[in-house]
Amino acid sequence: MAIEKAAVENILKNFIDPNVETDLLSAKAVKKITVDGDAVSVVVEVGYPAKSYVGELRAELEKRLRALPGLGKLEVEVSFKIVSHAVQKTLKPLPNVKNIIAVASGKGGVGKSTTSVNLALALAAEGAQVGILDADIYGPSIPTMLGLSGQPDSEDGKMLQPKLSFGVQTMSIGYLVDPDQPMIWRGPMVTGALQQLLGQTQWHDVDYLIIDLPPGTGDIQLTLAQQIPVSGAVIVTTPQDIALIDAQRGLGMFEKVNVPILGLVENMSLHICSNCGHEEAIFGQGGGVAMAAKNGVDLLGALPLDIKIREFADSGRPTVVADPDGRPAQIYKAIARKMAAKLALRAKDFSGRFPNIVIQNT
């Protein structure tokens with residue numbers, strides 16, 4: 001009994017990828033369907049790092065396809081491929097960096113840097129080449145969180161080599177100044193330092209460069225939005241009303257400069273007592289959901305207020321590497337997959353496919 005290709009397509013259409021939140025055909029993840037009599041072969045390639053998910057996805061697709069009447073041999077191949085995505089119209093992607101994702105918050109103290117570091121490590125754990133740039137010139141915290149110190153190397157005296165931690169490439173002003181030295185700089189000096197840290201670092205084949213922004217909507221944020229090729233932004237907030245108000249300003253800034261919002265992350269959403277297990281919403285409930293609905297963006301995930309997250313970050317071994325099988329680490333990985341999946345649905349960058357035209361007078 002021959003199997004119709006349309007029957008295979010129908011099964012794939014009815015499976016919703018939880019990361020992209022659409023079916024595989026609409027997400028253009030189905031690369032090939034081959035039907036030969038009662039034999040079926042399907043090739044799926046998702047556009048986001050999914051090392052811990054490809055096995056689960058393959059098993060689920062095999063389970064659904066085996067329901068085809070008269071099915072004989074079945075082959076399902078699942079992989080992932082990360083490509084460069086479009087940036088602001090007046091800019092081009094950074095060399096050796098496929099995608100830049102800005103992590104921002106309107107208010108300080110919401111755990112943005114901790115979230116940035118763990119998302120970078122989660123993307124790396126899922127199979128991506130990742131870098132993280134500490135754009136908080138006044139208060140760099142990435143070196144402490146990643147257990148790094150000392151000056152970065154420079155092979156030619158011009159370009160800085162990123163420092164490595166847990167497989168992630170990193171750069172921060174914290175590597176270049178004394179830890180106790182106050183950064184008493186005006187706006188132009190700060191934005192100039194950010195551009196130098198970004199442009200004079202020899203990034204190595206980075207799929208995602210996470211930029212950990214300082215809180216607010218000032219010079220650094222505007223410089224990043226207008227002069228640095230950003231593929232998307234993520235807003236970190238807490239459920240607290242005052243944090244949501246400031247996060248709304250940050251979201252609005254990116255919308256005005258045409259940087260797509262990939263989603264929101266609600267941090268400290270719920271406190272779980274380490275002694276008795278009692279759950280309490282210290283900073284309120286439902287704020288992230290309401291803000292996401294109001295702005296038509298995705299809530300990528302919610303993280304608990306967990307003392308271990310803070311302890312791991314302070315020790316230089318963030319949650320994703322210190323306790324990779326723990327619940328918080330699994331949440332970070334799920335958020336990272338969704339964040340990258342939302343970017344994968346956006347327009348690709350095709351600038352590298354067109355040759356440069358040079359006009360010479362002879």
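What the table below lists for this structure:
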| read-out | value |
| --- | --- |
| Restricting segment 113-141 to residues that are of a type in the set (Asp, Glu) and either in contact with a strand residue (DSSP E or B) (Cβ under 6 Å, 6 or more places away or on another chain) or at pLDDT 95 or above (or both), the residue that is surrounded by the fewest Cβ atoms within 10 Å (Cβ to Cβ) | 126 |
| Candidate set from segment 172-186 (those that are in contact with a Ser or Thr (Cβ under 9 Å, 6 or more places away or on another chain) and open to solvent by less than 20 Å² (accessible area, probe 1.4 Å)); member that is modelled with the lowest pLDDT | 175 |
| In segment 260-271, residue least open to solvent (accessible area, probe 1.4 Å) [restricted to those that are touching a helix residue (DSSP H, G or I) at 6+ places or on another chain (Cβ under 8 Å), without any contact (Cβ under 8 Å) to a residue 60 or more places away in the chain and not hydroxyl-bearing (Ser, Thr, Tyr)] | 264 |
| Verdict on residue 274 being under 30 Å from residue 143 (Cβ atoms) and open to solvent by 90 Å² or more (accessible area, probe 1.4 Å) | yes |
| Which listed residue is in contact with a helix residue (DSSP H, G or I) (Cβ under 7 Å, 6 or more places away or on another chain), of a type in the set (Gly, Ala, Ser) and either open to solvent by less than 70 Å² (accessible area, probe 1.4 Å) or modelled with pLDDT of 95 or more (or both), from 59, 50 | 50 |
| Close pairs (7 angstrom Cβ cut-off, 6 or more residues apart or separate chains): closer than 25 Å to residue 255 by Cα and part of a loop (DSSP other than H, G, I, E, B) in segment 76-89, among the hydrophobic types (A, V, I, L, M, F, W, C) and at pLDDT 95 or above anywhere | 82/128 |
| Of all residues in segment 1-17 being more than 12 Å from residue 35 (Cβ to Cβ) and either open to solvent by less than 20 Å² (accessible area, probe 1.4 Å) or of a type in the set (Phe, Trp, Tyr) (or both), the one that is nearest to the chain's Cα centre (by Cα) | 17 |
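The values are calculated or read from the model by the stated rules, or taken from the named source; none is laboratory data. This structure is a prediction, so every number in the text was calculated from the model and none was measured. Using ideal geometry, Cβ is built from the backbone for each residue, glycine included, and neighbour counts are taken over all protein chains shown. Keep in mind that these areas ignore ligands, DNA and RNA; they rest on the heavy atoms of the full protein, side chains included. Shrake-Rupley method; radii C 1.70, N 1.55, O 1.52, S 1.80 Å.
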